[in-house]
1. Just need the Rg to Rh number for the stretch 1-100, please, alpha carbons only, Kirkwood Rh.
2. Could you sort M90, M76 by accessible area so the largest value comes first, with the probe set to 1.4 Å?
3. Could you derive backbone 3J(HN,Hα) for the stretch 56-69 from the dihedral phi with the Karplus parameters 6.51, -1.76 and 1.60 (θ = phi - 60°), listing whole Hz in sequence and x where the residue is Gly or Pro?
4. Could you order the peptides 47-54, 191-198, 80-87, 65-72 from most to least packed, using the average number of other C-beta atoms within 10 Å per residue?
5. How far, in nm, would the chain grow between E135 and D53 when pulled straight, counting 0.36 nm per residue and subtracting the alpha carbon separation?
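The values are calculated or read from the model by the stated rules, or taken from the named source; none is laboratory data. The structure displayed is predicted, hence computed values, not measured ones. Here the Cβ positions follow ideal geometry from the backbone for every residue, glycine too, while neighbour counts run over all protein chains shown. Areas reflect the complete protein model, heavy atoms only, side chains present, ligands, DNA and RNA absent. Shrake-Rupley method; radii C 1.70, N 1.55, O 1.52, S 1.80 Å.
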Amino acid sequence: MSKSSSVDNRDLPTRIVHAAREILLEGGPRDVKSARVAEVAGVSQTTMFKYFDEGVADVLTATYDSAWGEINDFLMLRSFEHPSSGDPLMDLVSEVAALGDLADDPRLKDAAQVAFIYFRRPLLLGADVASPNQERFENRIERLCERYSAAAPDSDVDPVALRQLLVNFAVSWFFLHLFGDEASRLTEEDLRQGVRNLVRGFKATVTEADSTQLGSRR
């Protein structure tokens, strides 16, 4: 019996999505075929097409969006457990650092891998529809960047460009921490300090240059 099909208490669409995620992480998008997904999920292909009428393309789109949804849920729960400090820089550092910490979370590590591997490249999955949950995530980080920018009126910080820089840094950190050897691993405080340095360096750079040249708005 497959790992996914042994979990009977999940609803069928969730089982199918988690089966696709399992296959995706093991072999990549080309291995995600309808017969294989149905087998791992413990359902028939007819049942799978009942929920995902476009087949594998729909399953991959849902798999990608589901991964971002789990990250959003994690960040939302974390915000309840760790309320805002009132310091925009500290809140921004904490939120970005949490993305790197996902490498140590056994419940979310797989979701983060799917979300981060295909970040900005969902077409590689055949997922040609925008991910609402990815947009929610980016908007969340961008709002924190806007709060920081508003608290630093002496600099013209572009929240979109700053968000792109920080998320790319957190994604790189995640994979270094997940796949790097012990010698290359740094501490959580190293991660937080790295985020602080990027924000402060970005502020200095934007103060000296026209921020409209950095990044582009959606």
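1. On the way: Rg = 17.2 Å, Rh = 15.1 Å.
That ratio is 1.14, to two decimals.
2. The ranking, largest first, comes out as M90, M76.
3. 4, 4, 5, 4, 5, 4, 5, 5, 5, 5, 4, 4, 5, x
4. With the highest mean Cβ count within 10 Å placed first, the list reads 65-72, 191-198, 47-54, 80-87.
5. Numbers: separation 82, 0.36 × 82 = 29.52 nm, distance 2.41 nm.
Fully extending the segment from E135 to D53 adds 27.1 nm.
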